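Inspection log for the structure reproduced underneath, given as structure tokens.
The values are calculated or read from the model by the stated rules, or taken from the named source; none is laboratory data. Since this is a predicted model, take the numbers as computed values, not measurements. As a convention, Cβ positions derive from the backbone with ideal geometry for all residues, glycine included, and neighbour counts pool all protein chains shown.
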Amino acid sequence: KQEVTQIPAALSVPEGENLVLNCSFTDSAIYNLQWFRQDPGKGLTSLLLIQSSQREQTSGRLNASLDKSSGRSTLYIAASQPGDSATYLCAVLYNQGGKLIFGQGTELSVKP
Amino acid sequence: KAGVTQTPRYLIKTRGQQVTLSCSPISGHRSVSWYQQTPGQGLQFLFEYFSETQRNKGNFPGRFSGRQFSNSRSEMNVSTLELGDSALYLCASSRLAGGQSSYNEQFFGPGTRLTVL
């Protein structure tokens with residue numbers, strides 16, 4: 001069964017700290033992996049897309065890595081800010097058929 | 001470029017009624033997917049349409065159906081509503097052209113919040 005797991009479920013850090021969010025998946029035959037951000041009651045904002053042939057992607061203070069062999073991805077957030085507070089979701093695509101399999105998310109709180 | 005739009009944003013229905021939700025994808029995107037988000041189950045895939053054809057379907061009862069029009073706009077219908085159908089329904093679009101996986105990046109709309117009383 002294809003499953004995605006995110007650890008931790010919740011994380012609280014002081015402003016300015018660097019942090020890592022973890023995502024693991026059971027089937028390594030992925031097509032790509034996406035990281036999203038969701039603010040309360042809102043839709044999902046795509047942060048980074050990593051194709052199956054890539055090892056990492058960077059956007060601003062965000063860096064996502066992918067290790068297919070171990071079934072893991074990490075999202076690194078540098079110099080965290082209160083505006084980074086949100087739920088971060090990892091999702092895996094196994095084929096072109098649009099079916100993303102999501103983790104349960106990590107709820108991040110950055111304290112001023 | 002306009003993002004994915006969903007209408008209505010909020011809906012309140014009673015048990016037994018039916019509801020239709022609408023999704024307009026980003027211009028040029030041909031694939032539309034629907035997801036249900038609840039606190040208990042998280043985000044679950046409902047179905048995906050590409051060129052007016054349903055290509056993939058999740059594990060939801062037949063009360064959940066959808067369709068896609070020639071302009072790629074999509075609608076989702078839920079008949080005989082149950083209390084458990086209360087959720088945020090999210091639509092996502094992607095370009096899916098040329099066989100390059102980067103085109104599979106999915107962009108989500110703001111969602112429709114459905115409350116069933």
> Taking the stretch A:55-112 on its own, how many of its residues are more than 14 Å from residue A:21 (Cα to Cα), within 14 Å of chain B (Cβ to nearest Cβ) and surrounded by 14 or more Cβ atoms within 10 Å (Cβ to Cβ)?
Replying inline: 12
> Pick from the stretch A:30-54 the residues that are touching a residue at least 40 places away in the same chain (Cβ under 8 Å), at the interface with chain B (Cβ under 8 Å from one of its Cβ atoms) and in a strand (DSSP E or B): which of them is nearest to residue A:94 (Cα to Cα)?
Replying inline: A:32
>> Taking the conditions exactly as written (in contact (Cβ under 8 Å) with a residue 60 or more places away in the chain and outside any loop (DSSP other than H, G, I, E, B)), does residue A:21 satisfy them or not?
In response: yes
> For the stretch B:1-90, list the strands (runs of 3 or more DSSP E) that sit wholly inside it and hold at least 2 residues that are farther than 14 Å from residue B:109 by Cβ and at pLDDT below 95; which are they?
Replying inline: B:42-50, B:53-57
> Hey, among the residues in the stretch B:38-85 that are among the charged types (D, E, K, R) and at the interface with another protein chain (Cβ under 10 Å from one of its Cβ atoms), which one's farthest from residue B:20 (Cα to Cα)?
Replying inline: B:55
>> Being surrounded by fewer than 16 Cβ atoms within 10 Å (Cβ to Cβ) and of a type outside the set (A, V, I, L, M, F, W, C) narrows it down to one residue among B:56, B:71; which is it?
In response: B:71
